Amino acid sequence: MLAEALFFSAVLFVIGVVGVLIRRNAIIVFMCVELMLNAVNLTFIAFAQRYGGRMTGQVFVFFVMTVAAAEAAVGLAIIIALFRHRHTVNLQNINVLKG
Amino acid sequence: MLPLLQEAAAAAHAAGPHPLAGSAAELLWLVPLLPLLGFVINGLLSVAAAFHRGPRDPSAAHVNGHGDKAAVAHAHDADHEAGHDEEPHAVHPHRFAGITSFVGPAVLIAAFIVSATIFIAMLGVGEMHQPFIQRYFSWIPVGDLQIDAAFQLDQLSMMMTLVVTGVGALIHLFSVGYMRKDPGYPRYFAYLNLFVFFMLLLVLGANYPLLFVGWEGVGLCSYLLIGFWFSDKANADAGKKAFIVNRIGDFGFLIAIFMMFANFGAVDFAGVREAAASIPMGGVVVTGICLFLFLGCVGKSAQIPLYVWLPDAMAGPTPVSALIHAATMVTAGVYLVARSSMLFSLAPVAQIVVVMIGAVTAVFAATIGLKQWDIKKVLAYSTVSQLGYMFIGVGSGAYVAGLFHLVTHAFFKALLFLGSGSVIYAMHEAYHHTHSHDDAQDMRNMGGLRPYMRRTFWLMWIATLAIAGIPFFSGFFSKDEILGAVYERAQGSTIAHASLFGISGASWLYVAWLLGLAAAFMTAIYMTRMMIYTFHGPNRTGEKERQHLREAPWIMTGPLVVLGVLSAFGGWLNIPEFAEFLGPVGNLDHWLEPVVGQATAMVTAGGAHLAPTIEYELVGVAVGLALVGMVLAWAVLKPKALVPKREAPQEEGIQRVLLDKYYVDEIYDQTIVQPVVSVSRGLLWRGIDVGLIDGLGVNGSAYLAKFVGFIGSQVQSGKLGTYAWILTIGVLAVLSAFSLR
């Protein structure tokens, strides 16, 4: 049971990583980040169930979901601000992080 | 403040207080301090004047008053160019000249009075076998090495102190007349006083490092005074040459001090003397120490191969030549050998080297002296030659004879130099009045000065007879004592039994004796030649100039008279046995016995004393040669036929070689100076300094940092995708590093 869950979460995580690395649309990159977070959540759940009797894993998932919700709000706000400023969400055209 | 610590060292050696404790010898610290005080006062006067209006120091008035003269000088024979601008010629004396005229000589006279008082106290004590040591403070305490700032008063340092302060005081007085019109007058006396301070430090210091401080100090003052008229480049160059050549010798001296510490664990005279008692005769270490010490002497006392600086040192004012480059500083090497007599007596091979270098130098310099035209150059080569004599003496273990010659030479050579100064002064005054640009130091331009300057004439003849070794002038006694000692030691002594390069010491000593005789012969010739050219024959200065020739003032000729008396009767200091009808025999022998007696006895152990008949023969040969030399010079030169410089024919053949000093300067220039300069310029400067250090080191590291920074800055593209890739790769790298471990 654990092995399947870990395998699945690894696949999810890699999909998220690849999405972050190769997609250019900021929103899709953002969603891929969410995918990675959820892959981690799945791992937590799986371990928590395997080494049952402790609540730590489950509690952490709630923390992650809370943070992810807040992050989604802030992140989408940034993307909207970016779009208003630049009229694009294509990351290749955005390099304002250069010092 | 100073004499607080003094009793400790003296009491450490002898049980009970030293016989000199509480006597006038307690004033020993005052002797060097007085000239130092003079240096401070004159130095301040010199500096203070710079803030006032009036003739400024660095020979400014000299150049202004004679701007045309410097230009003419360059057209002259290069040989004489250095000396041409010799004379001080400011129209206005320095504003503080009055104070300096008093302070400069007064401190020296006071120092002489103090040392004479100490001398009388020493005479009152009688036999004194331990030196009187005054400790002031611990100077260099490092682990086992304890070096004190301490003065050592014994018979040898007393003798040197009397010579330095006595002859020094006379030369200071002479300088008042000679330099008074110079714009740098207080600076001159500041340097001169500082020189005497360092010279006293040299002779009074109780250990080798303190002696070395004095040794370097006199070198510094010598440099400053040779280049006293530094606005003329030739003078400044002569100063630099003296300084650099002396560094070579000082290097040897330092090595010797290091070796003493490494092998004896002591660098003070008493400690080294103690250590020397337990080392075997002819050891490698002691021979090495002596040879390195002698390298120092070769530099300071102008022996082959480092003599080349002394003739150039004549660029300085003439009283400087008398004090530093004839009477005191250049004899420091002789003093050093005598001071280290216990070491030298243990190293016969080193002694052979000292004797031979001295003998070869004596002859070599004398031959050059035969054909010089500049009156001071003749005396300079004569000094080199006489220093060689002193080294024959101290090198052959006849320490007293060498020191005796040091003293008499200080008298007659100071007299000769000051006399030449008096002549140059008169010549320059005459040329000055008529605005002539002839060379005031070239003897061909002099001639027949006798009626114009009678005092100088007679006094210089006394000195000439003394240096030529005519009985019973001072030089006769000291020179014959040296020659006799060499001959005696060749017949039986530790040196005669040693060998160098497979040749026995006895043969070396006989050769040295012959060379000494040859040098004595040539000394008589070149000194007579100098006197003939200067004072005899027709006057060659020119019609107008003749009107202005007159004797120097008494402030200059007064010291000459005193030196004349000393040159004539200085030999009475140490009358040899064969001349006992003159008075008490061997005063100096007895006086110096506690210092060098033991070392002398070590050398002569097993040798027989010369029979009186042989001694008479030796003296007869030497005196005969001197007389023949003088007569020969007179016969060859024919005073009546001499002509001024501009009519004189060019020298040919061997005369040309002698005039050009065997081209030694040129050879040194080609073989040493030029290679060093080109290596310094090509390799050290352009290659290592500019290329390696500046290029690769300083700028190279800067370029490297800049390059690395440029590479790093390219990473910061601002593109999120790139950052993400880098992040991912980094994470993977870290993870794989962990999992591979």
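Brief remarks follow.
- For region B:482-509, a tally of residues being surrounded by 24 or more Cβ atoms within 10 Å (Cβ to Cβ), of a type in the set (V, I, T) and farther than 22 Å from B:V407 by Cβ returns 1.
- Of all residues in region A:80-99, those that are within 11 Å of chain B (Cβ to nearest Cβ) have Cβ atoms under 7 Å from Cβ atoms of residues that are among the polar types (S, T, N, Q) and assigned to a loop (DSSP other than H, G, I, E, B), 6 or more apart or on another chain, in A:N95/B:S717; A:K98/B:Q716; A:K98/B:S717; A:G99/B:Q716.
- Tally, over region B:270-302, of residues that are touching a Pro at 6+ places or on another chain (Cβ under 9 Å) and either at pLDDT below 90 or assigned to a loop (DSSP other than H, G, I, E, B) (or both): 4
- Counting the residues of region B:577-591 that are without any contact (Cβ under 8 Å) to a residue 40 or more places away in the chain and assigned to a helix (DSSP H, G or I) gives 5.
- Of all residues in region A:11-30, none are charged (D, E, K, R), assigned to a helix (DSSP H, G or I) and surrounded by 13 or more Cβ atoms within 10 Å (Cβ to Cβ).
- Among the residues of region B:214-234, none qualifies, meaning not one is among the basic types (K, R), touching a helix residue (DSSP H, G or I) at 6+ places or on another chain (Cβ under 8 Å), in a helix (DSSP H, G or I) and surrounded by fewer than 24 Cβ atoms within 10 Å (Cβ to Cβ).
- A:V18 within 30 Å of A:V89 (Cα to Cα), free of Cβ contacts under 8 Å to residues at least 40 places away in the same chain and within 14 Å of another protein chain (Cβ to nearest Cβ): yes
- Looking only at region B:281-318, and only at residues there that are among the polar types (S, T, N, Q) and within 22 Å of B:F417 (Cβ to Cβ), the one that is farthest from the chain's Cα centre (by Cα): B:T318
- Candidates B:Y663, B:Y668, filtered to the one that is touching a residue at least 12 places away in the same chain (Cβ under 8 Å), within 33 Å of the chain's Cα centre (by Cα) and under 30 Å from B:A242 (Cα atoms): B:Y668
- Count of region B:116-147 residues which are within 13 Å of B:L204 (Cβ to Cβ) and either in a strand (DSSP E or B) or modelled with pLDDT under 90 (or both): 6
- Restricting B:T408, B:T494 to those that are more than 17 Å from B:A362 (Cβ to Cβ) and among the β-branched types (V, I, T) reduces the list to B:T494.
- Any chance B:A206 is crowded, with 21+ Cβ neighbours inside 10 Å and more than 20 Å from the chain's Cα centre (by Cα): yes
- Here A:G75 fits the description: within 21 Å of the chain's Cα centre (by Cα), closer than 26 Å to A:S9 by Cβ, at pLDDT 85 or above and within 14 Å of chain B (Cβ to nearest Cβ).
- Criterion applied to B:L192, B:L200, B:L170 was being crowded, with 24+ Cβ neighbours inside 10 Å, out of contact with any helix residue (DSSP H, G or I) (no Cβ under 6 Å at 6 or more places or on another chain) and in a helix (DSSP H, G or I), and the one residue passing it is B:L192.
- Positions within region B:543-570 being in a helix (DSSP H, G or I) and at pLDDT below 85, in sequence order: B:E543, B:K544, B:E545, B:R546
- Consider region B:713-731 and keep the residues that are more than 7 Å from chain A (Cβ to nearest Cβ) and among the aliphatic types (A, V, I, L, M). The one that is nearest to A:N95 (Cα to Cα) is B:V715.
- Residue satisfying all of: in region B:132-189; in contact (Cβ under 8 Å) with a residue 60 or more places away in the chain and hydroxyl-bearing (S, T, Y); farthest from B:A116 (Cα to Cα) among these: B:Y185
- Which listed residue, of A:V67, A:V96, A:V59, is surrounded by fewer than 16 Cβ atoms within 10 Å (Cβ to Cβ), part of a helix (DSSP H, G or I), among the β-branched types (V, I, T) and more than 15 Å from the chain's Cα centre (by Cα): A:V59
- The helices (runs of 4 or more DSSP H) falling completely within region B:327-419 that include 3 or more residues that are within 18 Å of B:Y487 (Cα to Cα) map to B:348-369, B:375-395.
- Flag set for B:Y389, criterion: of a type in the set (S, T, Y), out of contact with any strand residue (DSSP E or B) (no Cβ under 9 Å at 6 or more places or on another chain), over 30 Å from B:P553 (Cβ atoms) and surrounded by 24 or more Cβ atoms within 10 Å (Cβ to Cβ).
- In region B:695-741, the qualifying residues are those that are under 25 Å from A:R24 (Cα atoms) and among the hydroxyl-bearing types (S, T, Y), and the one that is farthest from the chain's Cα centre (by Cα) is B:T728.
- Residues located in region B:160-205, provided they are closer than 21 Å to B:V423 by Cβ and small (G, A, S): B:S175, B:G177
The values are calculated or read from the model by the stated rules, or taken from the named source; none is laboratory data. Remember, it's a predicted structure, so these values are computed and weren't measured experimentally. Neighbour counts run over all protein chains shown; Cβ positions are idealised from the backbone, glycine included.
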